[in-house]
Structure formats: structure tokens, C-alpha cells
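Input: a single structure, listed below in C-alpha cells.
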Amino acid sequence: MNNLKIYPFLSHQKQDKKITFAQKYTKDSFSTHRIYMILNKKYFLVCKWCVILIGLFVSYPLFALDSKFTVVLDAGHGGHDPGAMGPISLEKNINLAVTLDLGEIIEQNFKDVKVVYTRKTDKYLTLQERADVVNDNHADLFICIHTNASQSTSAFGAETFTLGLAKTKGNLDVAMRENSVIVLEKDYKTKYKGFDPASVDSYIMFEFMQDKYIDKSVQLASIIQKQFANLCSRSDRGVHQAGFWVLHRSACPSVLVELGFISNPAEERYLSSEQGQNEMAKGVYNAFVYYKREHDKKSGGQTIYVPKIEPIAKKVEVSKKESIQPVDSTIQKTQQTKIPEVVSNVKKNETVSVNQSVETPVFKVQLFATKQILKADASDFKGLRNTEYFVEDGLNKYTFGAETDYVKIEKKRAEILSKFPDAFIIAFIGEKKLSPKEVLKLIK
């Protein structure tokens, strides 16, 4: 009986040992498996980071290329949108010529700058498409090139705009004219969220707009205006703000440049000429050089010194016919003769003569015409001295200045336009006064 009691007990003890062993084996097995899982997880994690690091290392040159400073250049208008129209030129063509010149100069001198054009040919783009080019390329700077126009042919000079509320009617008129191209699009009110370029009420939105790029935009605009005055000898109309849709939709510092007035005969000839277009492009380029230099300093990047373009003497290439351009002082010294006899108010109406070539035109600014002969100190001259006059069609026509360089006489005209808004430029060759068409041929 005792054996009967013992065996079951021993049997249970053996079973307990088996169960304990099985439990221990299972527990150890799970622990080992867990360790393997942890090790495998760490292994795969390490491998994953290795792949990422290798990928970054391989793709770094591509990132470096994309990190270039990007400037988008926009030639306003184009295609079936001519912009403002003058007697001898179209705004869209002037804008494109200056833009291409500007882009070429930047590309030649800045290897770390990517130049993107909204258009390089005569094609039409909507304002939104132009802004899309800016944003799709993550541009660092946006420069729009335009040419101004006015109902008055006496309006002249260059000005640069940034985004903001137009504080004067003149600024609002410019914005309305540039924004008016959106009416060429179908369903433009839906596309432009109800914006009506002809309605003053639509521009109220710009009063409440916070433009985080305004400081940099104004900085660039100010430099551009200084370069137009110093390098290009253009009249400085200043920096202004207005509600331009294309600037509003572009996410970077941006400016809209009005090169001059196509409605002004003298400025139209200048802006239509290869010389004028190249000079204006160089003016904007010099401003870009300064802006890029300041950008590199503030961003902590490597600053590459690129010199600005200095003003150069304006020279002339004389053809066998009458295609004569302004001449410099070295030519003037070697070519001496008399200009047409005119009456001067300087010293008791004595005859005045200036050194010049028989073939070289002499440009003057005509102030007004009158039947009376005026004294030198007459109030009609508004304090202006050294005036002259010649007789034509029974009238005494008073002039100011005598230059063989058209740019110089144009500058003199600009200086007195506030007093004589109707003043215009005339020309003589010998004693012959040239017709407007003949003057145009000489300076074209």
C-alpha cells in the first residue's frame, strides 16, 4: 500500500520536472528569438540609414546645382499683346530686347546664378503664367521689364515699381494699364478671383496686404533708379508702389521697371535703338550686381566679386550717307567750322559760332515761338540764360543749348521741362534746319 502511495507521487514529480523543463525551454527559446528580432531590427535600421547617407552623398551635386541663386526675367507683353505702341516701335519688342541683353550679361558674369526667362521670343503669356514661372523655379528674385506710355508726349523718364497700394493717380494708372492684359483671357474674373483691372475698388486689397519681400524689393528698385540716372543719364522718376497682379502672385522680392515713355518721341528713339536698349540693360545689371553681393553677405554664402559696368564715352560710327550718331570730344576737336548763324540773347544779339563739322548735326531745344523780339532778361525765359533765336515763317523761334551729342541735348531738355513742358529738340546741318523725319534718320 505504501508503494501505491509513493509511485503516484514520484510520477507527479517527474511530470512537474518535465513541465518545468518545457516551460524553461520555451522561455529561453522566446528570449533568444526576441534577442534575434531586436538585433535584426537594429541591423535593418543601420542599413536603412546607410542607404540614406549614401543617397545623400551621391545626390549632393544635384542639390548643389539646384541651390544656385535664381533670377527670373520677364519681358512684358508679347504675341497678340503688343503693349504700348509708339509711331516707330512696340513696347513688347523693346521689353524683349532689353531683357535678353540683361540676361546675357548676367549669364556671362555670374556662374553661380541661374537665369530663367518667362519668354525669349514674341509669344503671349498670361500674368498668372508669368508668376507660375517664378514660383515653379523657386526664384530668389523677379525682374519685370516694361515701357511706359502717357497721353502727354512730354512725359519722360524711368521709374521702378514694387508691390503696394498706389498712393497717386499716376501710379494707379500705370498698374491699371499693365494689369489690363488679363481681359484678353477668357473668364478672367473667375481666374483672377473677381479682380477687375479697370475698377479702383479692386485695388483696395493691396492696402491690407503684408508683403514680406517689400524691403528687399524697394532696396533693388532704389539701386536700379540710381543706375539709370548715373550710368544711362536718364531722368529719375523715382521708386513707387502699385498693385501689379504679377508681383502680387510671385513669392520672392520683385520689381517692375518702366524703362521710359514710348509716347515721348525722344525716349522712343532712344529705347528703340540698340545703344539705348543695351545701356538700360546694363543699368539693371549693375543694380543686380549690388543686390546679389548683399544677398551673399547676409546668407553667409561665398561672395564672388563681380565688377559693375562703368559709364563709357558715347562714340559714333559715321556711314557714307547721313547716318550720323552723337560724337565724342576727340572728334569735335579735329573737326571745326561754323554752325548756322543765329541770334543770341547772350551779348547784345551777337552771332554765335561753335566748332563742328559741316556734316555733323547741331541739336537744340526749341522753347517757344513769338512775333516779338524778346530781351535777354524777359520773364518769358523764366530765368533761363544763354538763349538764342532764329527766324522762320515770320516767327522768332527761341532755342536753348547747342550740342552735337544728341544724348547731351536730350539731357538739357529734361532739365528744363518743368519750366517749358512743350519744349522739343530740333537740329541743323550747316544753315539748313532739318525736318522731323530727317532728325529721326540721324539719331535712329
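Just so it is clear, none of the values below were taken in a lab; they were calculated from the coordinates. None of these values were measured; they are calculated from a predicted model. As a convention, Cβ positions derive from the backbone with ideal geometry for all residues, glycine included, and neighbour counts pool all protein chains shown.
At a glance:
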{"item": "Count - residues of region 105-140 that are over 22 Å from Arg177 (Cβ atoms) and either among the polar types (S, T, N, Q) or touching a His at 6+ places or on another chain (Cβ under 8 Å) (or both)", "result": "6"}
{"item": "Residue match in region 108-116 (condition: among the hydrophobic types (A, V, I, L, M, F, W, C), buried (at least 18 other Cβ atoms within 10 Å of the Cβ) and under 26 Å from Leu172 (Cα atoms))", "result": "no"}
{"item": "Count of residues meeting criterion [assigned to a helix (DSSP H, G or I) and crowded, with 24+ Cβ neighbours inside 10 Å] in region 135-173", "result": "0"}
{"item": "Filtered residues of region 202-259 (kept if acidic (Asp, Glu) and either more than 27 Å from Lys189 (Cα to Cα) or out of contact with any His (no Cβ under 6 Å at 6 or more places or on another chain) (or both))", "result": "Glu207, Asp211, Asp215, Asp236"}
{"item": "Count - residues of region 398-427 that are basic (Lys, Arg) and touching a Phe, Trp or Tyr at 6+ places or on another chain (Cβ under 6 Å)", "result": "0"}
{"item": "Check on Gln227, more than 17 Å from Arg177 (Cα to Cα) and touching a residue at least 40 places away in the same chain (Cβ under 8 Å)", "result": "yes"}
{"item": "Residues of region 413-439 classified as touching a strand residue (DSSP E or B) at 6+ places or on another chain (Cβ under 8 Å), part of a helix (DSSP H, G or I) and under 15 Å from Ser154 (Cβ atoms), total", "result": "2"}
{"item": "Qualifying residue in region 88-104 (condition: within 16 Å of Arg177 (Cβ to Cβ) and either assigned to a loop (DSSP other than H, G, I, E, B) or of a type in the set (Lys, Arg) (or both))", "result": "yes"}
{"item": "Residues that are of a type in the set (Gly, Ala, Ser), touching a Leu at 6+ places or on another chain (Cβ under 8 Å) and part of a helix (DSSP H, G or I), drawn from region 215-264", "result": "Ser217"}
{"item": "Residue within region 70-82 that is at negative phi and free of Cβ contacts under 8 Å to residues at least 24 places away in the same chain present", "result": "yes"}
{"item": "Residues located in region 368-395, provided they are of a type in the set (S, T, N, Q) and closer than 17 Å to Leu417 by Cα", "result": "Ser379, Asn386, Thr387"}
{"item": "Scope region 174-199; condition in a loop (DSSP other than H, G, I, E, B) and either in contact (Cβ under 8 Å) with a residue 60 or more places away in the chain or under 19 Å from Leu256 (Cβ atoms) (or both); matching residues", "result": "Tyr192, Phe195, Pro197, Ala198"}
{"item": "Answer residue from region 395-412, given it is part of a strand (DSSP E or B) and among the hydroxyl-bearing types (Ser, Thr, Tyr) and is surrounded by the fewest Cβ atoms within 10 Å (Cβ to Cβ) among those", "result": "Thr399"}
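Matching residues to (1) of a type in the set (A, V, I, L, M, F, W, C); (2) on the phi > 0 side of the Ramachandran plot; (3) under 32 Å from the mean Cα position of the chain (by Cα):
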residue	(1), (2), (3)
Phe390	yes, no, no
Asn396	no, no, no
Asp405	no, no, yes
Leu417	yes, no, yes
